[in-house]
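In what follows, a single structure is set out as structure tokens and then discussed.
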Amino acid sequence: MTESNSVVRLEKLAKAYTDGQTFYALNHIDLEIGRGERVAIMGPSGAGKSTMLNLICGLDVPTSGRVFIEGTDISQLSDDLRTRLRREKVGMIFQSFNLLPTLSALENVSLPLRLRNRSRREAERRAREMLERVGLHRQATHRPDEMSGGECQRVAIARALIFDPPVLLADEPTGNLDSASGEGVLQLLNELHRELNNTILLVTHDRLTAESCERMLILRDGRVAEDSAHPSTIESVLTESL
Ligand SMILES: Nc1ncnc2c1ncn2[C@@H]1O[C@H](COP(=O)(O)OP(=O)(O)OP(=O)(O)O)[C@@H](O)[C@H]1O
Ligand SMILES: [Mg+2]
């Protein structure tokens with residue numbers, strides 16, 4: 001893979017917690033992910049999947065190592081610039097949606113633009129377009145408690161994609177949904193991926209979902225135990241770990 005089409009690059013990325021002795025939640029990972037790749041991330045609970053996504057989006061700071069987004073080393077950025085890069089280059093969706101409960105769908109989706117000092121009018125115009133795109137035009141004025149789980153996750157997707165970021169991180173996005181709503185959310189992510197050619201890192205415990213991605217990583221004890229882009233024994237590891 002050439003430097004120019006690497007969208008996410010991790011260099012010896014590590015996150016350690018010290019509590020008497022040092023424990024590596026992420027243990028010096030090297031990884032390169034290209035534009036438009038959909039990567040499923042699997043592995044047992046505690047393997048470091050959420051830690052890895054939180055470091056990639058700059059929500060968390062590594063103990064050592066580096067994260068490059070489109071060639072920019074985010075660890076070298078000031079807090080302000082890192083926050084800006086996170087909002088504009090890396091969209092993130094979570095198992096628990098993380099919508100603001102007192103805001104309507106439209107206000108939740110507009111928020112990233114409002115935080116970048118765009119006018120309310122412009123922010124809401126763009127947010128309406130996004131809500132329409134995820135099939136929620138009718139729910140624009142609804143608060144999260146007035147929507148279903150699947151609808152809330154669609155709002156979160158609209159919010160994550162409002163800047164048209166090259167990278168979308170999804171941490172078990174269907175984990176709190178029934179299977180029909182979960183399927184709907186995955187279909188939406190696939191449609192958007194076809195349109196936008198964004199890079200998607202998707203944490204999932206579901207093997208079928210993982211198999212619908214072009215690339216599969218298995219994390220174990222803070223390391224990449226398997227990477228289907230560099231296949232060796234992916235089938236045996238899957239059988240053994242699931
Ligand atoms: N603030 C913290 N202090 C100490 N240890 C932590 C902290 N945050 C996470 N960990 C540990 O880091 C390890 C990796 O956690 P992480 O949340 O990345 O796992 P995960 O692979 O996402 O698991 P799950 O599938 O359950 O979501 C776990 O052992 C966890 O206990
Ligand atoms: Mg997790």
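Derivation of every value follows stated rules applied to the coordinates shown; laboratory data play no part. Keep in mind the model is a prediction, meaning the values are calculated, not measured. Positions of Cβ are backbone-derived with ideal geometry, glycine not excepted, and every protein chain shown enters the neighbour counts.
Do we find a residue being surrounded by 20 or more Cβ atoms within 10 Å (Cβ to Cβ) and either touching a Pro at 6+ places or on another chain (Cβ under 9 Å) or in contact (Cβ under 8 Å) with a residue 40 or more places away in the chain (or both) anywhere in the range 73-82?
no
Within the range 191-201, can you find the residues that are away from ligand 2 (no atom under 16 Å from the Cβ) and in contact (Cβ under 8 Å) with a residue 24 or more places away in the chain?
Kept after step one, since they are away from ligand 2 (no atom under 16 Å from the Cβ), are these residues of the range 191-201: 191-200.
If the condition is that a residue be away from ligand 2 (no atom under 16 Å from the Cβ) and in contact (Cβ under 8 Å) with a residue 24 or more places away in the chain, then Leu192, His193, Leu196, Asn197, Asn198, Thr199, Ile200 are the ones that fit.
If I go through the range 140-176 residue by residue, how many of them are within 16 Å of ligand 1 (Cβ to nearest atom), more than 24 Å from Phe68 (Cβ to Cβ) and not β-branched (Val, Ile, Thr)?
4
Being more than 11 Å from Lys15 (Cβ to Cβ) and either touching a residue at least 40 places away in the same chain (Cβ under 8 Å) or among the charged types (D, E, K, R) (or both): is that true of Asp60 here?
no
It is to be established whether one or more residues within the range 15-37 are within 12 Å of ligand 1 (Cβ to nearest atom) and in contact with a Pro (Cβ under 6 Å, 6 or more places away or on another chain).
Yes: one or more hits.
For the range 158-209, enumerate the residues that are in contact with a Lys or Arg (Cβ under 9 Å, 6 or more places away or on another chain), surrounded by 19 or more Cβ atoms within 10 Å (Cβ to Cβ), of a type in the set (A, V, I, L, M, F, W, C) and not in a helix (DSSP H, G or I).
Answer for the range 158-209, where residues must be in contact with a Lys or Arg (Cβ under 9 Å, 6 or more places away or on another chain), surrounded by 19 or more Cβ atoms within 10 Å (Cβ to Cβ), of a type in the set (A, V, I, L, M, F, W, C) and not in a helix (DSSP H, G or I): Leu161, Ile162, Val167, Ile200, Leu201, Leu202, Val203.
Working carefully through the options Met92, Met52, find the one that is part of a strand (DSSP E or B) and within 13 Å of the chain's Cα centre (by Cα).
Met92
Here is a check on your reading of the model: is Ser45 surrounded by fewer than 17 Cβ atoms within 10 Å (Cβ to Cβ), within 16 Å of ligand 2 (Cβ to nearest atom), without any contact (Cβ under 8 Å) to a residue 12 or more places away in the chain and not acidic (Asp, Glu)?
Values: surrounded by fewer than 17 Cβ atoms within 10 Å (Cβ to Cβ): yes; within 16 Å of ligand 2 (Cβ to nearest atom): yes; without any contact (Cβ under 8 Å) to a residue 12 or more places away in the chain: yes; not acidic (Asp, Glu): yes.
So Ser45 fits the description; yes.
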